[in-house]
Every structure is written in C-alpha cells, then in structure tokens.
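Report on one structure; see the data block that follows.
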Amino acid sequence: MVVVVGIVGFFLIRSGIISATRLEAQIAGEGTVTVINTTESPVRVEVIERSTADDSFLETRAVEPLGIDGFGALGTGDYAVGLRSDTGIPPPATCNLTISRGDDYQFVVVSQGIAISLDGEEAKVADDLDVETSRWCGK
Amino acid sequence: MKQALTILLVATMALTGCTTVDVFNISESSARVRITLPDTPAGYTRYIRGGDVTSTFSQYGGTVTVTVLPDQQYRELLTDLAKLISDRLWVERETLSADDVSRLVSRLQDVNQELERQAQVGASCSVRVSDFGSVTATVSWDSGLSNYMVSCSARE
C-alpha cells in the first residue's frame, strides 16, 4: 500500500500535477484563515500555533482598509488568532480555534465587532457568529 | 526502519518551499487586484497605487492568478456586507430567528462567489510556478482600449 501511494505520488510530482510541498500538506491536512476588513483602517492579524509545547508565533499580517488577506496552508491543530485595528475600533479580539482538514475560517471586521464563520458549517444562533461569543472560538 | 524515517523526514523538510508573488502596478492610477494562490484559492485583494508594488506568498507552488477587480463594485460589496453584519449581529441580534442567522451565514460565505463574478470582467493572467519559484505580475493601463492589462511570468 505504502509503495503504491509512493509511486502515485512520485508520478504526480514528476508530471507537474501537484507540487511536492502541496502533496505533503494535503497528506498532513491543512486549513485557511481569511480576514475581510470592511473598515477604513488597517487590521493587524496575528496567528499563534497552540498545539506545540511552547506556543509558537507564526506570523503577523496587516490587512489593508477594505482588503481581504489571510493565512493559507495552516496545519491541523489549535491556534490563537488575534485581530487588532490600528484605531481600536472595533476593540481587539482573540479567537482560539481548532483547524481540521479542509477548514476555511472567515473573519469579517466591521466597526461594531468581528464576525466569524466556518465554511460549510451552519450557525443557529447569532452568538455563533460573534468572535466574542462564538463556539468556534471556544466560548 | 528508523533510518528510513529519518531520511523521509529530512527529505520532507527539504521539500518545504515558499512561492513569492510580486504585483507591480506600472500605470498612473491605483488598481484593485485579486491574487489567488495555490494555498489559498479564495484569494486576497490588494489596492496598489500607481507605480507601487505589493508582495505576498504561498506555502507551495501551483497556479497563481492575478485579476484587476472593478473597484466601485468591490467597495459596494464590502460596504453592503459591513452594513448587513452590523445591523443583524449588533443591532437586531436579540430578535434574529434561526432562519435569519442561516441567511446571514450564507451571505458571509457567498462573498467569495461574488468576487469570482467580479473577477470575470477584469483583466487577468495565470501562471504555474514551482515550490521555490517566484511570480511577477505587471498591471498596466491600455489607453487605446481604456482598460487595464495584466501579464504574469514565473521564474523557477
């Protein structure tokens, strides 16, 4: 079985259908975090991986006003996503979330607060969509 | 067995790459672009002033697409979304039914499809790039066609 998977993987890479790193990421499982900034000021987004023994800082990105940005190819595991507007509006927030294979989390920053959704997942109550109260943020 | 695992681990680490993408706007006016990357098919947007450049990266290689978006429509999409979320989630929150919440979720998740629709009318280019490669895209203004043009090239 391992040999067959190895041979198939080798030919996929050699033929250019998939890159080696992408194949590795897809075998291990990955997800994405997207941030939509609808405000007129930059929003700084910090991602910290919490699955490791010592929380390891991954990266900070500034999402420009009316911009969409984010983090791709995040390995499965637990993360803290911190969002902070340069103006303090909305107030800063942190979401402790778990990324499983194929998860695509979306944050939408508006002046009153920060909304969250998980692609393909239903929400039944409004609290699920507010970072301050969302079950996806461990609350 | 241990040796084989060690070799596999080292090989895997050696293969972990990063693909950089630079988008130059050589026109005199600002342009709103959408950049879709191998590791984030939903894509990012950037507002690039004339003569300026923006950079991003993907954890691995694949197809990179750069599209000029209609700025007015894009702004309306985001401001309409902001108003809807503000109204529903922070003003009318206590009165929302399960159906209202469900519709709001659908609207949040439809943003990407709407961007896809907007991207269909703009100038666009796509290029394949390897794990350690880089992509350069150039946005220019064609005064004859009164439209933006985009060209992409990849370096391995």
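The values are calculated or read from the model by the stated rules, or taken from the named source; none is laboratory data. None of these values were measured; they are calculated from a predicted model. Backbone-built Cβ (ideal geometry, glycine too); neighbour counts: all protein chains shown. Note: areas computed on protein heavy atoms with side chains; ligands, DNA, RNA excluded. Shrake-Rupley method; radii C 1.70, N 1.55, O 1.52, S 1.80 Å.
A few points about this structure:
- q = 0.16 Å⁻¹: log10 I(q)/I(0) that the Debye formula gives for the range B:38-150, counting C-alpha atoms only: -0.88
- Counting only other chain Cβ atoms within 10 Å of each residue's Cβ, the peptide B:41-53 averages 3.
- When B:Cys18, A:Cys137 are compared by accessible area of protein heavy atoms, the largest-first order is B:Cys18, A:Cys137, using a 1.4 Å probe.
- Rounded to two decimals, the Cα-based Rg/Rh of the range A:54-137, with Kirkwood Rh, is 0.94.
- Residues whose placed amide H lies under 5 Å from that of B:Leu69, excluding near-sequence neighbours: B:Arg32, B:Val33, B:Arg34
- For a paramagnetic label modelled on A:Thr133 (point 7 Å from Cα along Cα→Cβ), amide N atoms under 15 Å away belong, within the range B:100-114, to B:100-102.
- Under Karplus coefficients 6.51, -1.76 and 1.60, residue-wise ³J(HN,Hα) of the range A:123-137 in Hz, glycine/proline x: 10, 9, 10, 4, 4, 4, 9, 9, 3, 5, 10, 6, 5, 5, 9
- Within a Gaussian network of chain B (alpha carbon springs, distance under 10 Å), most fluctuating of B:Gly144, B:Gly43, B:Gly122: B:Gly144
- Take each peptide in B:72-80, A:74-82, count the other Cβ atoms within 10 Å of every residue, and average; sorted highest first, the result is A:74-82, B:72-80.
- Unpaired cysteine residues in chain B (no second Cys Cβ under 4.7 Å): B:Cys18.
- Average other protein chain Cβ within 10 Å of Cβ, residues A:69-77: 4
- Approximate spin-label separation A:Phe57-A:Arg101, in nm, with each point projected 7 Å along Cα-to-Cβ: 3.3 nm
- Net charge dipole size for the range B:32-156 [Lys, Arg +1 and Asp, Glu -1 on Cβ; Debye, nearest 20]: 280 debye
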